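*Asks:* This is the structure I have questions about; it appears just below.
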Amino acid sequence: MGQPRFVACGRLTRVRAFTRRDVDRWLAWPRHPDRLYSSYDPTPMDGSLRDAWYDDLVHRQAQLPFAIEDLGRQLIGRMFLRHVRRREGSSVLGMDLDPRFIGQGYGTDALEAFLGYYFGPARFRKMYLSVGAYNVRARRSYERCGFQHVRTHWQDLKCEAHVLDDPRYADLRHLFRIGPRGLETLMQDMVASVR
Ligand SMILES: CC(C)(COP(=O)(O)OP(=O)(O)OC[C@H]1O[C@@H](n2cnc3c(N)ncnc32)[C@H](O)[C@@H]1OP(=O)(O)O)[C@@H](O)C(=O)NCCC(=O)NCCS
């Protein structure tokens, strides 16, 4: 296997374009043990659906997907730039890691490195994202990478955890409510700007 073109290199991770073959690698990730994060589980798909999923992402939605590797060349995470507005120099970040690699510094390392590319050679000026207020780990990671809070909003949430009655989520319960379509969660909108 030839060496891919990495766009960013951190202390623990490297980032490159996400390819169709990475869809297969992503689908081999395990489910999240904490069902609060069940919406980030890989979606089971057969071969032709995988082709269609990738094609839709890249061509119809025009997202820019990136793969996060550890230094052993394993796919451990994904980053997506959505709603790319070249003229404004902005996009909206989505990001997730293989659950086996969560909470060990990989996400922050990859995002810090990626922002160097994004605001540097890629010449973007703003990066937006929305994160669940309950997702303390992600919020801390984003704050560490220089993101600032701009506003909050409520959003529908599909998840398998019983957040309103499971005592394990008691401390987070105030960040959820039942809306007209079911469970909603408080989201924080954040932005990082070119330094
Ligand atoms: C969000 C995500 C990419 C962050 O990457 P990560 O590698 O897990 O995060 P890190 O290990 O770098 O930790 C980030 C911060 O959270 C803290 N943290 C780690 N585990 C934590 C936990 N269980 N609760 C609270 N904080 C925690 C870390 O100490 C660190 O803070 P610090 O720098 O102040 O010490 C990753 O957790 C993930 O993919 N989560 C599931 C999908 C998801 O939530 N995506 C985000 C959508 S907006």
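The values are calculated or read from the model by the stated rules, or taken from the named source; none is laboratory data. Worth saying up front: this structure is predicted, and the values here are computed from it rather than measured. Ideal geometry is used to build each Cβ from the backbone, glycine not excepted, and the neighbour counts take in all protein chains shown.
*Asks:* Go through the range 52-90 and give me each residue that's within 16 Å of the ligand (Cβ to nearest atom) and touching a His at 6+ places or on another chain (Cβ under 9 Å).
*Replies:* Scanning the range 52-90 gives a single hit, Gln63.
*Asks:* I need the full set of residues from the range 96-115 which are surrounded by fewer than 16 Cβ atoms within 10 Å (Cβ to Cβ) and either within 7 Å of the ligand (Cβ to nearest atom) or under 14 Å from Val15 (Cα atoms) (or both), in order please. Lay out the reasoning, then the answer.
*Replies:* First, the residues of the range 96-115 that are surrounded by fewer than 16 Cβ atoms within 10 Å (Cβ to Cβ): 100, 103-105.
Hits for the range 96-115 are Gly103, Gln104, Gly105.
*Asks:* How do the strands (runs of 3 or more DSSP E) wholly within the range 63-133 filter down when requiring 2 or more residues that are free of Cβ contacts under 8 Å to residues at least 24 places away in the same chain: which remain? Don't jump to the end; show me each part of the working.
*Replies:* Values: elements: 64-70, 75-85, 90-97, 126-132.
It comes to 75-85.
*Asks:* Please go through the range 139-152 and give me each residue that is within 20 Å of Tyr40 (Cα to Cα) and over 17 Å from the mean Cα position of the chain (by Cα), ordered by number.
*Replies:* Residues of the range 139-152 that are within 20 Å of Tyr40 (Cα to Cα), as a first pass: 139-142.
Selection gives nothing.
*Asks:* Taking the condition of being touching a strand residue (DSSP E or B) at 6+ places or on another chain (Cβ under 6 Å), within 13 Å of the ligand (Cβ to nearest atom) and outside any strand (DSSP E or B), how many residues in the range 140-180 meet it?
*Replies:* Residues that pass the stated criteria total 4.
*Asks:* Among the residues that make up the range 5-14, is at least one of them closer than 23 Å to Ala52 by Cα, in a loop (DSSP other than H, G, I, E, B) and of a type in the set (D, E, K, R)? Spell out the reasoning first.
*Replies:* Just the residues of the range 5-14 that are closer than 23 Å to Ala52 by Cα, to begin with: none.
So far as the range 5-14 goes, no, none of its residues is closer than 23 Å to Ala52 by Cα, in a loop (DSSP other than H, G, I, E, B) and of a type in the set (D, E, K, R).
*Asks:* Checking the condition away from the ligand (no atom under 14 Å from the Cβ) and surrounded by 12 or more Cβ atoms within 10 Å (Cβ to Cβ), which residue from Leu93, Leu183 passes? Steps first, please.
*Replies:* Values: Leu93 fails: away from the ligand (no atom under 14 Å from the Cβ).
None of the other options fit; the residue is Leu183.
*Asks:* OK, next. I'd like the full set of residues that are in contact with a Pro (Cβ under 7 Å, 6 or more places away or on another chain), of a type outside the set (Phe, Trp, Tyr) and buried (at least 18 other Cβ atoms within 10 Å of the Cβ), limited to the range 17-42.
*Replies:* Selection gives His32 alone.
*Asks:* Farther than 30 Å from Ala133 by Cβ, away from the ligand (no atom under 16 Å from the Cβ), in a helix (DSSP H, G or I) and modelled with pLDDT of 95 or more - does that describe any residue in the range 24-42?
*Replies:* Checked against the condition, which is being farther than 30 Å from Ala133 by Cβ, away from the ligand (no atom under 16 Å from the Cβ), in a helix (DSSP H, G or I) and modelled with pLDDT of 95 or more, the range 24-42 yields at least one hit.
*Asks:* Could you tell me which residue of the range 43-55 is surrounded by the fewest Cβ atoms within 10 Å (Cβ to Cβ), considering only residues that are more than 28 Å from Arg168 (Cα to Cα) and within 18 Å of the chain's Cα centre (by Cα)?
*Replies:* Trp53
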